[in-house]
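The structure under discussion appears below in the form of structure tokens.
No lab work stands behind these numbers, since they all come straight from the coordinates. Not measured: the values here are computed from a predicted model. Counting neighbours? That spans all protein chains shown, and the Cβs are built from the backbone with ideal geometry, glycine included.
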């Protein structure tokens with residue numbers, strides 16, 4: 001727009017007016033027309049966009065969607081835990097039994113915390129957990145005793 | 001030897017990349033080792049527990065050298081950030097594992113973490129800890145269903161043999177017992 005106006009003013013007041021403009025403004029108008037011609041001409045340009053040639057039939061689609069690579073694999077490593085009867089994977093511990101043991105160790109740790117009574121008081125002797133009505137044996141001679149107020153669970157054997 | 005893991009980390013490298021960098025990895029492993037020595041059983045992501053296992057067992061080997069050893073004391077000082085655990089290492093863990101030559105830890109996989117990430121978790125513990133055992137070994141009991149059924153079947157066979165003996169000739173009994 002600015003360019004066109006400059007051209008017009010240069011033609012009308014030709015010799016008298018000397019316009020100080022940079023060289024880029026004095027290019028011929030034909031460049032714009034060339035660009036408009038080239039824009040929709042995809043056949044000559046280097047880049048070619050990919051598009052599907054034909055509709056994929058339902059048979060081909062089914063082959064792709066249902067081949068074994070895309071289906072969910074069946075797991076054959078699921079067993080029943082012999083203790084509680086819940087399902088477990090063969091190489092993994094049973095979730096129910098582990099939670100049970102974790103709860104019990106949590107309660108034991110609460111007792112340990114009470115006994116230690118403060119941070120950074122780790123003992124230098126072994127620890128033994130005794131349940132209701134149990135006496136320390138000769139093996140538990142120099143050990144620190146942690147007492148729990150319940151009957152010994154049958155999955156926690158004494159030796 | 002972790003042959004399967006070496007295949008997962010290309011070209012046979014042994015160290016995993018954890019945390020923000022090598023220093024961060026060592027700090028993270030140091031925290032885990034300190035926690036393991038303090039609590040003797042911890043839960044952690046499987047990769048970290050597996051990586052930490054080597055360092056925990058090496059620490060016990062250093063502990064076995066005794067606290068008079070300068071190198072052992074420096075190692076324990078670096079790896080255990082809580083200094084009362086150095087006493088625990090040299091006076092409790094080293095004597096406990098005197099009879100073992102290796103494999104002081106046990107690493108077991110747990111069901112995946114409950115969070116959104118469903119991370120593969122493991123529990124790692126020093127053997128000989130005072131807590132309830134994670135794997136309960138059961139001997140076959142006489143009271144199991146299978147054993148009771150077999151016992152009943154055995155008794156039935158003996159009863160039928162006892163009732164058949166007075167009817168049949170004694171010669172056939174001998175052939176029966178020979179089989």
- Message: Can you tell me which of B:149, B:89, B:32 moves the most in a GNM of chain B? Springs connect C-alpha atoms under 10 Å apart.
- Response: B:149
- Query: Considering chain B as a Gaussian network with a 10 Å cut-off on Cα pairs, which listed residue, B:27, B:140, B:77, attains the greatest mean-square fluctuation?
  - Reply: B:140
- Estimated inter-spin distance, residue B:68 and residue A:73, nm [label 7 Å along Cα→Cβ]: 5.6 nm
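Taking 0.36 nm per residue of separation and subtracting the Cα-Cα distance, what length does fully extending residue B:119 through residue B:163 add?
Numbers: separation 44, 0.36 × 44 = 15.84 nm, distance 6.47 nm.
Answer, rounded to one decimal: 9.4 nm.
Multiply the residue gap between residue B:153 and residue B:11 by 0.36 nm, knock off their C-alpha separation, and tell me the result in nm, one decimal place. Numbers along the way, then the final one.
Details: separation 142, 0.36 × 142 = 51.12 nm, distance 5.99 nm.
Residue separation times 0.36 nm, minus the Cα-Cα distance, leaves 45.1 nm.
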- Shielding of A:62-75 by other chains, given as the mean Cβ count within 10 Å, works out to 0
- Describe numerically, in nm with one decimal, the distance between label points set 7 Å from Cα along Cα→Cβ at residue A:87 and at residue B:91. 5.1 nm
- Query: Expressed in nm to one decimal, what extension gain is obtained for the pair residue A:53 and residue A:96 from 0.36 nm per residue of sequence separation less their Cα-Cα distance?
  - Reply: 9.9 nm
- Note on the structure: Simple spin-label estimate for residue A:132/residue A:115, 7 Å along Cα→Cβ, in nm, reads 2.0 nm
- Task: For chain B, find the longest principal axis of its Cα atoms and tell me its angle to the long axis of helix B:145-167, 0 to 90°, nearest 10.
- Result: 20 degrees
- Message: How much of the DSSP bridge set in chain B is antiparallel, in percent, rounded to the nearest 5?
- Response: 100 percent
- Angle between the Cα long axis of helix B:46-64 and the longest principal axis of chain B, 0 to 90 degrees, nearest 10? 80 degrees
